[in-house]
Amino acid sequence: MTNLKNKIVFITGASSGIGRSSAIKFAELGANLLICARRKERLEEVSKEIALRYKTNVHSFQMDVRDHQEVERSLNGIPAEWKNISVLLNNAGLSSGFDTIQEGAIEDWEAMIDTNVKGLLYVTRAVLPGMIERKEGHIINLGSVAGRMVYPKGNVYNASKFAVRALNEGMKMDLLGTPVRVTTVDPGLVETEFSVVRFHGDKERASIVYKGITPLTPDDIADAIVWAATRPAHVNINEIVMMPVDQASPMMVNRKSN
Ligand SMILES: NC(=O)c1ccc[n+]([C@@H]2O[C@H](COP(=O)([O-])OP(=O)(O)OC[C@H]3O[C@@H](n4cnc5c(N)ncnc54)[C@H](OP(=O)(O)O)[C@@H]3O)[C@@H](O)[C@H]2O)c1
């Protein structure tokens with residue numbers, strides 16, 4: 001088993017959902033948490049919760065992964081004792097809008113590509129050289145079943161998650177010969193703020209996505225992430241694909257009425 005006690009785990013998008021749950025699960029294992037997102041107050045709540053429940057250190061900072069300069073500045077500026085990152089969870093991501101290509105909003109497309117693809121690259125580029133130098137590290141990317149199967153109106157979100165899967169495969173190849181591990185975790189429906197964000201704050205529309213099914217929880221995904229991160233050092237879990245029992249593909253769900 002890889003022991004994460006006192007190791008540094010860096011999670012992007014830890015202010016909510018899967019990132020937040022993962023921060024708590026890694027803290028349970030005694031890891032020190034470096035967490036970022038855009039919403040500072042939400043990060044502070046997560047930090048407080050961890051500090052209250054576990055004897056680990058948390059360092060949180062506001063960072064928008066879409067901004068290359070901000071990513072470089074923030075990661076260069078983290079205190080020296082936080083620089084030796086053992087696990088990077090590239091979790092920050094979103095879907096924005098649910099329209100056909102012919103009706104899609106350019107700003108939604110930019111938000112998804114800039115966050116899910118370019119943001120993931122910026123953060124990885126800043127963190128990986130240190131892992132290679134220290135001969136220790138694990139990159140865990142949040143993909144999606146949307147990166148394996150396209151669905152109507154999923155278009156640009158699908159493309160961004162297909163890109164995450166390609167990058168995950170590419171990282172695995174480029175890191176061959178180093179001890180750095182690479183994993184993609186690709187969930188189906190997980191109830192988080194994801195759908196509220198997709199529907200631009202429309203909570204009622206978002207709730208319909210999970211109506212009549214038992215979706216995955218952020219803790220379910222965090223369990224899988226922590227499992228992959230704690231395998232023995234010679235074991236690389238390349239891909240984890242997981243769906244609720246009530247789902248068979250992005251569009252096939254078993255919805256019970258009432
Ligand atoms: N929920 C699902 O059904 C599902 C399924 C498959 C894959 N995923 C993937 O899982 C990941 C986490 O999503 P979630 O379901 O946990 O949704 P969520 O609850 O909306 O969480 C998304 C997180 O990403 C952060 N984030 C978004 N844009 C950011 C930016 N530009 N810079 C920094 N942080 C940013 C958000 O924080 P701030 O808003 O505070 O910045 C938030 O902490 C995403 O990559 C998503 O695509 C989700």
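The values are calculated or read from the model by the stated rules, or taken from the named source; none is laboratory data. Since the structure is predicted, the reported quantities are computational estimates derived from the model, not experimental observations. Neighbour counts are summed over all protein chains in view; Cβ atoms, including those assigned to glycine, are modelled from backbone coordinates with ideal geometry.
With (1) of a type in the set (S, T, N, Q); (2) under 22 Å from residue 145 (Cβ atoms); (3) out of contact with any Pro (no Cβ under 6 Å at 6 or more places or on another chain) as the list, and residue 21 as the residue in question, which single condition is left unmet?
(3)
Is it the case that residue 144 is closer than 28 Å to residue 252 by Cβ, within 11 Å of the ligand (Cβ to nearest atom), surrounded by 14 or more Cβ atoms within 10 Å (Cβ to Cβ) and within 20 Å of the chain's Cα centre (by Cα)? Please lay out each step first, then the result.
Numbers: closer than 28 Å to residue 252 by Cβ: yes; within 11 Å of the ligand (Cβ to nearest atom): yes; surrounded by 14 or more Cβ atoms within 10 Å (Cβ to Cβ): yes; within 20 Å of the chain's Cα centre (by Cα): yes.
Spelling it out, residue 144 is indeed closer than 28 Å to residue 252 by Cβ, within 11 Å of the ligand (Cβ to nearest atom), surrounded by 14 or more Cβ atoms within 10 Å (Cβ to Cβ) and within 20 Å of the chain's Cα centre (by Cα).
Return the only residue of 64, 99 being exposed (fewer than 15 other Cβ atoms within 10 Å of the Cβ) and outside any helix (DSSP H, G or I). First the steps, then the outcome.
On the way: 64 fails: exposed (fewer than 15 other Cβ atoms within 10 Å of the Cβ).
Criteria check complete, one pass: 99.
Scan segment 209-217 and give yes if some residue there is in a loop (DSSP other than H, G, I, E, B) and of a type in the set (Lys, Arg), otherwise no.
Looking through segment 209-217, at least one residue is in a loop (DSSP other than H, G, I, E, B) and of a type in the set (Lys, Arg).
Kindly provide the set of residues from segment 166-195 that are surrounded by fewer than 17 Cβ atoms within 10 Å (Cβ to Cβ) and of a type in the set (Val, Ile, Thr), ordered by number.
178
Looking at segment 196-219, which of the residues that are without any contact (Cβ under 8 Å) to a residue 60 or more places away in the chain and within 11 Å of the ligand (Cβ to nearest atom) is surrounded by the most Cβ atoms within 10 Å (Cβ to Cβ)? I'd like the intermediate steps shown before the answer.
In the first step, residues of segment 196-219 are kept if they are without any contact (Cβ under 8 Å) to a residue 60 or more places away in the chain; the result is 196, 201-216.
With within 11 Å of the ligand (Cβ to nearest atom) added as a condition, the list becomes 196, 206, 209-210, 215-216.
On the way: 196: 17, 206: 19, 209: 17, 210: 18, 215: 20, 216: 23.
If we take residues in segment 196-219 being without any contact (Cβ under 8 Å) to a residue 60 or more places away in the chain and within 11 Å of the ligand (Cβ to nearest atom), then 216 is surrounded by the most Cβ atoms within 10 Å (Cβ to Cβ).
Conditions first: (1) at negative phi; (2) surrounded by fewer than 16 Cβ atoms within 10 Å (Cβ to Cβ); (3) without any contact (Cβ under 8 Å) to a residue 40 or more places away in the chain. Residue 249 passes all but one, so which condition is the exception?
Unmet condition: (3).
Can we say residue 192 is touching a residue at least 24 places away in the same chain (Cβ under 8 Å), assigned to a loop (DSSP other than H, G, I, E, B) and within 14 Å of the ligand (Cβ to nearest atom)?
yes
Which residues, counting only those in segment 163-177, are closer than 17 Å to residue 133 by Cβ and either at pLDDT below 95 or among the charged types (D, E, K, R) (or both)?
174
Would you call residue 118 loosely packed, with under 14 Cβ neighbours inside 10 Å, over 22 Å from residue 244 (Cα atoms) and touching a residue at least 12 places away in the same chain (Cβ under 8 Å)?
No; evaluated as a whole, the condition is false for this residue.
If the requirement is being within 13 Å of the ligand (Cβ to nearest atom), under 14 Å from residue 98 (Cβ atoms) and assigned to a helix (DSSP H, G or I), which of these qualifies: 156, 164?
Result: 156 is the single residue among 156, 164 that is within 13 Å of the ligand (Cβ to nearest atom), under 14 Å from residue 98 (Cβ atoms) and assigned to a helix (DSSP H, G or I).
Among the residues of segment 48-61, what is the count of those that are closer than 26 Å to residue 116 by Cα and either surrounded by fewer than 19 Cβ atoms within 10 Å (Cβ to Cβ) or acidic (Asp, Glu) (or both)? Even if it seems obvious, please write down each step before you answer.
Step one: filter segment 48-61 for residues closer than 26 Å to residue 116 by Cα, giving 58-61.
After this cut, where a residue has to be either surrounded by fewer than 19 Cβ atoms within 10 Å (Cβ to Cβ) or acidic (Asp, Glu) (or both) as well, the list is 59, 61.
Residues meeting the conditions: 2.
Find the residue count for segment 1-40, including only residues that are surrounded by fewer than 24 Cβ atoms within 10 Å (Cβ to Cβ), near the ligand (Cβ under 9 Å from one of its atoms) and free of Cβ contacts under 8 Å to residues at least 40 places away in the same chain.
3
Looking only at segment 67-88, which residues are in a loop (DSSP other than H, G, I, E, B) and either under 12 Å from residue 11 (Cα atoms) or out of contact with any strand residue (DSSP E or B) (no Cβ under 9 Å at 6 or more places or on another chain) (or both)?
Once the filter is applied, which keeps residues that are in a loop (DSSP other than H, G, I, E, B) and either under 12 Å from residue 11 (Cα atoms) or out of contact with any strand residue (DSSP E or B) (no Cβ under 9 Å at 6 or more places or on another chain) (or both), segment 67-88 yields only 67.
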